[in-house]
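Please read the structure below before turning to the comments.
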Amino acid sequence: MRVAAGNHGWALPARRGPERPVLVAFPVLSSLYNRVDTLPISALQHLLYCERQCALIHLEREWEENRFTAEGRILHDRAHEGPDESRPGVRITRGLPVRGAELHGVCDVVEFHADGRIAVVEYKRGKPKAHRADEVQLAAQAMCLEEMLRTRIPEGYLFYGQPRRRTAVVFDEELRNLVAGATRRLRQLLEGGGLPPAEYEKKKCDACSLRDICQPRTARSASAWLEAQLENFPVASSEI
């Protein structure tokens, strides 16, 4: 796919017929994450899942696809590729780019209702999760849209592939504060440039597409071995 430079550091794919250009997930950066104006919303989800995974993807530019990521990508593609449409009382926009003071991203679907309500919808594979990473990603998209439109969006929806129904998410102060805190931590991680140490958690690591690159078991074993060697290393006497 041919890529042309766009405004605000974005890379825009060339137009194909009547389709509008779609923003690439990462901005074009001259100095990576030394200091960027905004950070990708998708990185918040990666951060809350695993900081090492986040650094591998957004600093090291590592990526491998497995069944889970492929299913998620296909679900997003279907949501983005559908045409915008109008139904009685609502205008539906797909693949809408959003940008705020700290974050940028793309909303899967945004519904503009005739009564003034705005609903952001994010599509996810699988089932609702125990952690709040998906909620943070959705809320971050809504908060960027709030900045753009100078309005308040009280709630949005996560549409999961297996139940095939919407789950309402209220954008309360607790969730908004979680977005703000995760954004601060993300900036600290990316601008710091370091790769967090591996910590093996079976459920997370076995499902991660970067498992072979990260090698959490090997990294942990090597670290434990080194620590044991250092503990048994004789300390030199200061006496002559």
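Considering only C-alpha atoms, what is the centroid distance from segment 148-168 to segment 116-135, in Å? Comparing the Cα centres of segment 148-168 and segment 116-135, I get a distance of 6 Å. A crude spin-label estimate for the pair T218 and R185, with each label 7 Å from Cα along the Cβ direction, gives 2.8 nm. Cβ-Cβ distance of R164 and T93, R₀ of 25 Å, FRET efficiency by 1/(1 + (r/R0)^6): the value works out to about 0.70.
Readers should treat all values here as calculations from the given coordinates under stated rules, not as data from a laboratory. Note that the structure is predicted; figures quoted are calculated from it, not measured. For neighbour counting, all protein chains shown are included, and Cβ atoms are generated from backbone atoms with ideal geometry for every residue, glycine included.
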